[in-house]
Amino acid sequence: MTSGKKKRMSMLDNLAAAGGPAPAPQAGAVTPMMTSNRALRSARDAVDSHNVWELDPASIVDDRMADRLDPADVHDLRAAIEANGQTVPILVRRHPSETDRYLLVYGRRRLEAIRQSDKVVKVRALVANLDDDSALRAQISENMARRDLSFIEKAIFAQELVSSGFGNQSQVAEILTVTKSSVSMAIAIADMVGTDLIRAIGAAHGIGRPRWEAMGRAIADNDLDRGSLIRLAEETHGKADVAMVIDAAPATDDPSVQAFEAVSKVVTRLVKPAKAPSPSAASSQPLRIGGKRGGTLKRTAKGISIELQNSKFADWVESEADDLIEELHERWKQRSED
């Protein structure tokens, strides 16, 4: 931002905040000062919305909820910005109480890259008039549009949104444009694996829900020592960093994927595999319907059969069997594809 523009914007800020406490107006009354302040704020917002500003990175505060597991990994991005300039502005909003200060909405990696740069001293930014809720929604929408968050990053982000009080699982699912069951399952997996271990492993792009879920269940069901797994993940990252320095070239494999594979391998070795049932052995288990036993599920070498006690419900299941099986099959396919 040029000194002239900065001075004019500071004047707008100061004028909009001027006047101090005023006598309380009568109900429904609009004072000249209130009208003036609203007009000044509108003028300032209009100026903001039609410009890409060049801001001092130190003037931008980033107190948002983290949506990436490795935001500091910006070496390549810094080199690109130094070589070609910052082509895509970040988005900020004005600080509610400090003049010439801003709150980051999105663009954390671009901001961090420029903060680390010795060649680029200003960050290009759009300034938006947003409240806390709208700012968080904009942050989420921008990341979802890029589709560059891994499964576990989305899972831990959803977990933090719910735990911070932003909304319940249904509301978070709406914001993330996924189903409530997806959010519920993702949070359950994040809980099983553990936040500290997830952060030690990293984003692990390409590792999907089934593998994270399998590892999480093994850790939780067998009460494995997460501390030792965290140290293993950190050691794997350390070795990857050393290899990159020695080779003087970027690693071909993502260190976070390497960390996941190392932890997963140890977890598999620590968990004793359950003895597989004999193909010829038959088993059965009771089915409860409405809190009472209403049938039996039997597994044999030939397959699975369900027996329901004679009832109106059993009659309905018989009439809807094809649709029910088709629906269950679709649910199974969606889960397998995640």
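The values are calculated or read from the model by the stated rules, or taken from the named source; none is laboratory data. Every value quoted in this text rests on a predicted model; they were computed, and no experiment measured them. Reconstructed Cβ throughout: ideal geometry from the backbone, glycine too, with neighbour counts over all protein chains shown. In case anyone asks, the SASA skips ligands and DNA or RNA and just uses the protein heavy atoms, side chains included. Shrake-Rupley method; radii C 1.70, N 1.55, O 1.52, S 1.80 Å.
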**Q.** Of all residues making up segment 194-218, the number that are under 14 Å from Ile230 (Cα atoms) and without any contact (Cβ under 8 Å) to a residue 40 or more places away in the chain
**A.** 4
**Q.** Qualifying residues in segment 327-338 (those that are open to solvent by 100 Å² or more (accessible area, probe 1.4 Å) and farther than 24 Å from Ser283 by Cβ) - the one farthest from the chain's Cα centre (by Cα)
**A.** Glu327
Q. Can you tell me which residue in segment 97-132 is most open to solvent (accessible area, probe 1.4 Å), limited to those that are over 18 Å from Leu77 (Cβ atoms), in contact (Cβ under 8 Å) with a residue 24 or more places away in the chain and not hydrophobic (A, V, I, L, M, F, W, C)?
A. Asn129
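State all residues of segment 257-275 that are modelled with pLDDT under 90 and open to solvent by less than 80 Å² (accessible area, probe 1.4 Å); if no residue qualifies, say none.
Residues of segment 257-275 modelled with pLDDT under 90: 271-275.
Matches in segment 257-275: Val271 only.
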Q.
modelled with pLDDT of 85 or more, on the phi < 0 side of the Ramachandran plot and either over 15 Å from the mean Cα position of the chain (by Cα) or of a type in the set (Lys, Arg) (or both): which single residue out of Ala79, Ala155 fits that description?
A. Ala79
Q. In the set Asp67, Asp63, Asp73, which member is under 25 Å from Ser164 (Cα atoms), in a loop (DSSP other than H, G, I, E, B), open to solvent by 40 Å² or more (accessible area, probe 1.4 Å) and at pLDDT below 80?
A. Asp63
